[in-house]
Amino acid sequence: MLVRAELRPRGPYSLRVSGRLASDATRVVADGSYRATFRVGDRLERAHALQRSDGTIVVAADSDAGVYHVRFALGLDDDHSEFVRRFAQDPLLGETLRQVRGLRPLRTGTVAQALLRAVAGQLIRAQEARRIERRVIQLASPARFAPAELARAGLGARRATALIRLCRTLDLERLKTQPTAAVAHRLNRERGLGPWSVGVVCLQGLGRYEYGLARDLGLVKLAAALAGRWVEAEESDHLLAPYGEWAGLASVYLLAGFSRGLIPLPNAAAA
């Protein structure tokens with residue numbers, strides 16, 4: 001690797017915490033290190049990053065493009081200190097913000113991969129969704145496939161059609177230059193997508209925090225635990241409403257806190 005750089009994250013940041021369960025077909029994230037393969041033009045490049053004890057991210061890459069990839073993928077420039085300050089006393093988030101410091105969602109190398117993740121992960125277990133994502137990426141670019149080929153990789157026909165249609169009709173990388181609300185409006189018009197899928201694309205493909213993982217099964221379970229009854233998916237929307245422009249990051253912290261038992265529940269045993 002020809003290029004080395006030392007990057008200082010803006011605000012609290014932990015690669016070890018952020019990288020938990022973040023490995024996929026293009027990267028391995030473990031023990032505070034990050035290794036990725038990604039496309040630059042017509043070639044594949046590699047980048048490796050690790051976090052030192054002083055917080056600095058040390059990067060080794062094949063080119064300057066690799067350093068940029070790490071900055072974006074790890075979210076190093078997106079300081080969320082305001083989010084931490086504003087919601088430090090929040091009844092749902094406060095304890096998670098104190099105990100899970102430096103968490104930021106990792107981003108995918110391309111918007112197309114985030115879109116693939118958004119359609120593959122609908123209504124199935126996360127492990128199965130990642131298996132489908134890995135299989136599709138190993139095969140080739142989804143824009144070259146027919147729906148039947150993606151179905152053999154495990155993707156349902158309706159979701160496969162939506163993925164191919166968007167890859168063929170939109171310049172997905174240009175979505176990074178558009179306002180988040182405009183992107184969300186455009187994606188919500190697509191058959192086969194919904195609020196959760198929009199949240200995945202915004203968080204992991206665009207690196208935006210305004211739209212969260214709305215109606216994620218984990219958030220539905222949290223809403224049910226708080227209400228003491230089963231709830232419909234749309235009823236969980238009220239969990240993210242108080243967080244405004246930070247709804248995307250709030251969804252990540254709510255899921256992290258719920259999985260770690262850090263959110264106070266009226267009846268923890270029943271939950």
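The values are calculated or read from the model by the stated rules, or taken from the named source; none is laboratory data. Being a predicted model, the structure only gives us computed values, none of them experimental. Cβ atoms come from the backbone with ideal geometry, glycine included; neighbour counts cover every protein chain shown. The protein model used for the area step is the full one, side chains on, heavy atoms only, and it has no ligands, DNA or RNA in it. Shrake-Rupley method; radii C 1.70, N 1.55, O 1.52, S 1.80 Å.
Details
- Evaluated with a Cβ-only charge set (Lys, Arg +1; Asp, Glu -1), the chain carries a dipole of roughly 680 debye about its Cα centre, given to the nearest 20.
- Chain lengthening between A157 and R16 when straightened (0.36 nm per residue, less Cα-Cα): 47.1 nm
- Farthest positive-ward along the chain dipole, Cα basis, beta-carbon charges - from A112, G32, S18: A112
- FRET E, pair W230, R39, Förster distance 41 Å, beta-carbon r, rounded to 0.05: 0.40
- Computed over the chain, Kirkwood Rh from alpha-carbon pairs, angstrom: 19.3 Å
- Between L226, L97, L115, the GNM of the chain built on Cα springs shorter than 10 angstrom shows L226 fluctuating the most.
- Amide H contacts for D78 (H built 1.01 Å from N in the peptide plane; partners 5 or more residues away or on another chain; cut-off under 5 Å): R10.
- In order through segment 54-67: 3J(HN,Hα) via Karplus (6.51 cos²θ - 1.76 cosθ + 1.60), integer Hz, x for Gly, Pro: 7, x, 5, 9, 9, 10, 10, 8, 6, 7, 4, 4, x, 5
- Residue-wise HN-Hα coupling along segment 167-174, computed from phi with Karplus coefficients 6.51, -1.76, 1.60 (Hz; x: Gly, Pro): 5, 8, 9, 10, 7, 4, 5, 5
- Stretchable slack from A241 to R52, in nm (0.36 nm times residue separation minus alpha-carbon distance): 64.4 nm
- Alpha-carbon centroids, segment 206-271 and segment 62-80: separation in whole Å: 28 Å
- Efficiency of FRET between K176 and E82 - r from beta-carbon atoms, R0 25 angstrom, step 0.05: 0.70
- Where K221, K176 fall by accessible area, highest first, once all protein chains stay in place (1.4 Å): K221, K176
- Label point distance in nm, E95-E128, each placed 7 Å from Cα along Cα→Cβ: 3.2 nm
- Residue-normalised accessible area of segment 1-99, given per residue in Å² at a 1.4 Å probe: 54 Å²
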